[in-house]
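One structure below.
The values are calculated or read from the model by the stated rules, or taken from the named source; none is laboratory data. Note that the structure is predicted; figures quoted are calculated from it, not measured. Every residue, glycine as well, gets a Cβ built from its backbone with ideal geometry; the counts of neighbours run over all protein chains shown.
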Ligand code: HAM
């Protein structure tokens, strides 16, 4: 028998209702903030991610699902930001739309070693705002993430923020780190020795214990920030304070993607264990320009949906529709049942029937299992009299209803 591929998940009908509640809550909150949904494709030219995330980013180095077709190389999207900036530019939204606020919900793909909270196909709920460098926009985006968590009733999260500064500041930070880490290279893991050459910032969030010790001894502050970037970060903090949003400044938060500049943030939850990030985001003020567009500020974030569901304190349930179940006895009744089912559904009444040729007892048990409150039974007697038998599964009461009165009676009872 075939098995699902490692790191993927079947979301079965019983689980889907939790997903639907989270999705609906997400849509409602984004809509409150005046964000519109966007749905870019799942497959993109691989070079888009190499360019946006950076050649030395872990995702680009080893985590992309690549599809080669003739001379072209495509990737199943590992994240949404690059696709959305591509879509924004390709569809000329920079010329027509002004400040653009979009959100997305959908699957992402990364070649990872699967473990709790780490999948190869996972889902993002995220947003991107393109067209402003205003620090209070950072405040809006972080408070939006905070409000989403409140709406999902997820508690016990911590928001960590940092500022990487502009491209020049990031270079300065890289130099500071190189100088400080050079004498300690022998204490760093092999991966960090490679990072030292290509992406020294990533050493700051290495999970290896030896590296954590080395990093702890570094005294990283916000000294690398130029006056403009420092001013921007001060305004972000001031805005968050004015909204009473709890956050912690974390000078070691760097994020693994090259496109980030200035504000970066991460939301963690300790119940998640090693993979403790529920969501993350930040500014990427140079990406629109790097992908061939004008120089425009931009910011966004994404939550991992599977991780949200792992820490959710309650099970989310969609209230199920009240089901009317039709039971027919004999071939002629079956034909009548088919027509009646069609009529009920056209009238907006959720209904179903038994396609398994069960006995009356078996079909009633099935109706009960489906939590159906009202059952319509059609047998030979009912056919002769042009009626159906209506059984209330809660009270057990049974009565004949004229065929012409069925809809009104059901609407009255449901
Ligand atoms: P990211 O930190 O790579 O950021 O992913 C965001 C979230 O997706 C993570 O915090 C985590 O909850 C979830 N996630 C990531 N990888 C996996 C995985 N393998 N399995 C399960 N969940 C996972 C981004 O992707 C950026 N595009 C976010 C962003 C939007 N920045 C600006 N705009």
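Among 84, 42, which is the only one that is within 16 Å of the ligand (Cβ to nearest atom) and either crowded, with 19+ Cβ neighbours inside 10 Å or within 28 Å of residue 195 (Cα to Cα) (or both)?
Working: 42 fails: either crowded, with 19+ Cβ neighbours inside 10 Å or within 28 Å of residue 195 (Cα to Cα) (or both).
That would be 84, the only listed residue that is within 16 Å of the ligand (Cβ to nearest atom) and either crowded, with 19+ Cβ neighbours inside 10 Å or within 28 Å of residue 195 (Cα to Cα) (or both).
Based on what the data block shows, is residue 78 in contact with a strand residue (DSSP E or B) (Cβ under 7 Å, 6 or more places away or on another chain), in the same structural domain as residue 148 (by TED's automatic domain parsing) and modelled with pLDDT of 95 or more? Don't jump to the end; show me each part of the working.
Details: in contact with a strand residue (DSSP E or B) (Cβ under 7 Å, 6 or more places away or on another chain): yes; in the same structural domain as residue 148 (by TED's automatic domain parsing): yes; modelled with pLDDT of 95 or more: yes.
Yes, satisfied.
Assess whether residue 347 counts as being touching a residue at least 60 places away in the same chain (Cβ under 8 Å) and more than 30 Å from residue 150 (Cα to Cα). Please lay out each step first, then the result.
Values: touching a residue at least 60 places away in the same chain (Cβ under 8 Å): yes; more than 30 Å from residue 150 (Cα to Cα): yes.
Against the criterion (touching a residue at least 60 places away in the same chain (Cβ under 8 Å) and more than 30 Å from residue 150 (Cα to Cα)), residue 347 qualifies.
Give the residue, chosen from 283, 255, that is in contact with a strand residue (DSSP E or B) (Cβ under 7 Å, 6 or more places away or on another chain) and on the phi > 0 side of the Ramachandran plot.
Working: 283 fails: on the phi > 0 side of the Ramachandran plot.
When all the criteria are applied, what remains is 255.
Out of segment 123-170, which residues are part of a strand (DSSP E or B) and within 16 Å of the chain's Cα centre (by Cα)?
Quick first cut of segment 123-170, residues part of a strand (DSSP E or B) only: 123-130, 157-163.
Listed by number, the residues that qualify are 123, 124, 125, 126, 127, 128.
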